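To start, the structure under review is shown below, and the notes come after it.
What follows is calculated from the coordinates using simple rules that are stated; it is not laboratory data. Values in this document were obtained by computation on a predicted structure and should not be read as measured data. All Cβ positions, glycine included, derive from the backbone under ideal geometry; neighbour counts span all protein chains shown.
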Amino acid sequence: MLEYALAAGITASGGDAYILHVTTTPSVSYVTRCDGFDCGAMISASHNGYRDNGIKLINSQGEKLKGGVISLIERCLDGDLSPFGGEIPFASGRDVGRTVDYISGRNRYVGHLISLSTCSYKGMKVGLDGANGSAFAIARSVFNALGARTYVIGDEPDGTNVNEGVGSTHIEALQKLVTENSLDIGFAFDGDADRCIAVDSRGRVLTGDEILYICADFLKSRGELSENKIVCTTLSNGGLIESLKNKGISCEICDVGDSAVLKAMQLSGAVLGGERSGHVVFSKYESTGDGLVTAIMLMEVISAQKCNTYELLKGYKPLAQKNCSFPAEDKISAMQGVSELAASLAARTGLRIVVRPSGTERVIRAMAEGESLSDCDAALKIIGEKILSNCRKY
């Protein structure tokens, strides 16, 4: 419904809408950038439930539109048409745009993914969790073409079950698939497949931090890690930074969000960056996070090193870290005094604490990190009580 409504608006304004149908956010980025489009639009709830469907807008370079442009669009959606002289300039007659079934663009993206691999996955048993989202068919096509024996879950989307008990935010489903079928590795994507979380043959979860550690170490060994540095965010595990430091690799820290990661990479010249949530950017191949590219790159390391991921993680020593989300209808009110409380707790306990309003949901997210998990739990309990008190007060 949203796809056809968006296409109708584009054509009514005189633009041509090339429709990729069910596909991933990274594929829209790739097609927009490589096929010379003016912009791209992805309808998705990302890692959330279907009720949170929204539109991600991508510029001609395959990157998310800048904040100023998004703000301008939101003003128009809220009824302020002054940027257009007070009215939307609709087309008429022969100037009305057209819709084009552009399935060939999506197929070219699949071909691009297959071309990234330098080896065959024949003999490997790979689990794939499509999150009942956009990767449900593409992931299987790619890994089958590369010779893997695939086991797939989260491949029955009905439009309302995206991320429901499956995908990168419900990794236990993939853990079960991997361990019960004795698979070599598994990959879970989110609804629009710009994230990837892995599960090794022992059922251990590899977040974006572990993936960054493995890939950074590998790229450095090949002389392909520019200036021996990567970009990670304030939510990345402190153990990642120290462990990479011991490998001679530095980390540039940026704000949360794949857009912030990409910007920091562009400014610093880093070729690798990402988030603990599974957004990983390999700038050699993409201008955005791509869960399928991440999975293929991890497979490349495993194949080249001829060992399992737990062997590749030798030397990686994460700190205890706990993340919580607290419901908040009014996020501004809920945050009253919370940052000050977090700073006080951090100074008193030696923990690193990050508290921020979610950018996609009506929740406050909090992270505590340190040597002791029990200390993290205690700090988050205090912060949660403060947020709950604020919500009741306001």
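Among the trypsin sites (Lys or Arg not before Pro) found in the range 143-236, those both in a DSSP coil and sparsely packed, with 16 or fewer other Cβ atoms within 10 Å of their Cβ, are ARG202, ARG204, ARG222.
The equivalent ellipsoid of the range 106-169 has semi-axes of 23, 14, 8 Å, largest first, where each one is the square root of 5 times an eigenvalue of the Cα gyration tensor.
Ordered by the number of other Cβ atoms lying within 10 Å of each residue's own Cβ, fewest first, VAL100, VAL166 fall into the sequence VAL100, VAL166. Sequentially through the range 347-356, phi angles give Karplus couplings (6.51, -1.76, 1.60; θ = phi - 60°) of 5, 7, 9, x, 7, 9, 10, 10, 10, 8 Hz, Gly and Pro residues having no value and appearing as x. Kirkwood hydrodynamic radius computed over the range 320-393 comes to 12.0 Å, based on all pairs of distinct alpha carbons. A simple charge model with +1 on the Cβ of Lys and Arg, -1 on the Cβ of Asp and Glu and nothing else charged puts the dipole of the range 2-106 at about 240 debye relative to its Cα centre. Building the convex hull from the alpha-carbon atoms of the range 2-106 and averaging its projection over directions returns 7.3 nm². Charge dipole of the chain (Cα centre as origin; +1 on each Lys and Arg Cβ, -1 on each Asp and Glu Cβ, all else neutral): 840 debye, rounded to the nearest 20. Dipole orientation for the range 208-260: of the candidates LEU225, SER236, CYS254, LEU225 has the Cα lying most toward the positive pole (charges on Cβ; Lys, Arg +1; Asp, Glu -1).
Nearest-5 percent of antiparallel DSSP beta bridges in the range 2-106? So the antiparallel bridges in the range 2-106 amount to around 65 percent. With both residues required to sit in the chain, DSSP beta bridges show an antiparallel share near 60%.
I'd like the distance separating the alpha-carbon centroids of the range 234-312 and the range 325-378, in whole Å. What the calculation gives is 25 Å, centre to centre. In terms of other Cβ atoms within 10 Å, GLU252, GLU172 run from fewest to most in the order GLU172, GLU252. Using equal-weight Cα scatterers in the Debye expression, the normalised intensity of the chain in log10 at q = 0.09, 0.14 Å⁻¹ is -0.57, -1.32.
Among TYR316, TYR285, the order by Cβ neighbours within 10 angstrom, fewest to most, reads TYR285, TYR316.
Derived scalar couplings between HN and Hα for the range 383-390 equal 5, x, 5, 5, 5, 4, 4, 4 Hz in order, rounded to whole Hz, by the Karplus curve 6.51 cos²θ - 1.76 cosθ + 1.60 (θ = phi - 60°), x for Gly and Pro. In the chain, the calculated helix contribution to ellipticity at 222 nm averages -11500 deg cm²/dmol per residue, counting -39,500 (n - 2.57) for every DSSP H run with n ≥ 4. Each residue, SER226 and ARG149, gets one label point 7 Å from its Cα in the Cβ direction; the gap between the two is 4.1 nm. Rounded to the nearest Hz, the phi-derived 3J(HN,Hα) couplings of the range 298-304 under the Karplus curve 6.51 cos²θ - 1.76 cosθ + 1.60 (θ = phi - 60°) are 5, 5, 4, 5, 4, 5, 5, where x marks glycine and proline.
Under a 5 Å amide H cut-off, with hydrogens placed 1.01 Å from N, VAL271 pairs with SER226 among residues at least 5 apart or on other chains.
Spatial offset of the range 23-78 relative to the range 156-193 amounts to 24 Å, using the alpha carbon center of each.
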